[in-house]
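Here is the structure we will look at, set down as structure tokens.
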Amino acid sequence: MGVSTRRPGSTGATGTRRAGTTAPRGPAGPGPGSGGRPRRLGVPDPARPHDWFAERLVQVLSGRSPVHTLLGHVRPGAFDQLVRLAEGAPLREGPTTAAVRRVGFCRPAAGVLEVFARIGSADRVRALAFRLEHRRGRWWCSAVELGPGPRRRARVPTGG
């Protein structure tokens with residue numbers, strides 16, 4: 001199992017980067033497998049696709065990016081799941097910004113990553129799970145689930 005950690009508000013989590021720039025990948029810059037070229041913003045790093053997808057899914061589920069920004073990265077059935085999940089921007093938390101706190105994964109088969117992420121905003125943490133499949137030279141998201149939202153108290157009828 002692999003795990004990466006991110007502090008809330010780290011590069012890419014708040015959307016404060018200028019358009020067209022990429023976040024550095026460690027001391028050497030671009031990640032392995034990139035041939036020394038800088039990464040394009042809209043393409044997952046081949047060495048860390050789980051981090052890229054976690055960030056993009058949080059952007060969509062918090063309402064900071066439209067769902068269609070993930071077209072071409074999400075399989076049709078998963079895209080339908082994502083559209084339903086994103087309808088109410090479930091990670092929008094008022095003045096606070098949802099951020100990826102920790103990402104982990106397991107490899108159940110060659111070319112498959114099952115990913116879990118802790119998403120934090122203010123003092124709340126939610127769970128995000130998704131599946132990535134490597135097909136035809138690229139990573140595709142094939143399933144998305146978001147942990148339950150805040151529990152709502154049942155109304156207690158008042159006698160009277």
Handout entry: Boolean, Leu113 is at pLDDT 95 or above, open to solvent by less than 40 Å² (accessible area, probe 1.4 Å) and not hydroxyl-bearing (Ser, Thr, Tyr)
Key = yes
Problem - Sole exception among (1) surrounded by 13 or more Cβ atoms within 10 Å (Cβ to Cβ); (2) at pLDDT below 85 for Gly36, by number - result: (1)
Handout entry: Matching residues in region 50-72 - criterion: being open to solvent by 20 Å² or more (accessible area, probe 1.4 Å), part of a helix (DSSP H, G or I) and either in contact (Cβ under 8 Å) with a residue 40 or more places away in the chain or farther than 23 Å from Gly104 by Cβ (or both)
Key = Gln59, Val67, His68, Thr69
Handout entry: Answer residue from region 73-107, given it is among the small types (Gly, Ala, Ser) and open to solvent by 30 Å² or more (accessible area, probe 1.4 Å) and is farthest from the chain's Cα centre (by Cα) among those
Key = Gly94
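The values are calculated or read from the model by the stated rules, or taken from the named source; none is laboratory data. Just so you know, these numbers come straight off a predicted model, no measurement behind them. For neighbour counting, all protein chains shown are included, and Cβ atoms are generated from backbone atoms with ideal geometry for every residue, glycine included. The area values use the complete protein model at the heavy-atom level, side chains included, leaving out ligands, DNA and RNA. Shrake-Rupley method; radii C 1.70, N 1.55, O 1.52, S 1.80 Å.
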